[in-house]
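The values are calculated or read from the model by the stated rules, or taken from the named source; none is laboratory data. Predicted model, so just to flag it, every value in this text is computed and none were measured. Side chains included, ligands, DNA and RNA excluded: accessible areas come from the protein's heavy atoms. Shrake-Rupley method; radii C 1.70, N 1.55, O 1.52, S 1.80 Å.
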Amino acid sequence: MAEKMVWVHGLVVLALIIASPVVDAVSCGDAVSALIPCGSFLLGVGAPKPSSECCASAQSLNKLTTTTADRRAVCQCFVKSGPSFGVKPARTKLLPSLCKININIPVTPNVDCNKVQ
């Protein structure tokens, strides 16, 4: 488990290095980094519920995505990066309700991010 978390952390650092920041938008690297505390939950190797730190981070990320462009960018980021990190779609679907987050992004692997408002 520790090796997998180190690997995930390494990919996140790499994503932060290569992610091109967009003015007034949440970068993919920032979005992925914000959910590092949720790693074990999203990978399905941790507790059946996310930690309070995970929920606080997810709530903070949600507050940063104030525009349609932000939400679409984060959606596209997670659609592209989630599978490469080994994120379990079932856990992803649970996160908003368990962390009491009202999001406008459908949490499915096949979401059309261009339709996100």
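The heavy atoms of Lys88 offer some 90 square angstrom of accessible surface to a 1.4 angstrom probe. Only protein heavy atoms count here; under a 1.4 Å probe, Asp112 has an accessible surface of about 70 Å².
Going by accessible surface with a 1.4 Å probe and the largest first, Phe41, Phe78 read Phe78, Phe41. Ligands, DNA and RNA left out, the accessible area of region 54-117 computed with a 1.4 Å probe is 56% carbon and sulfur.
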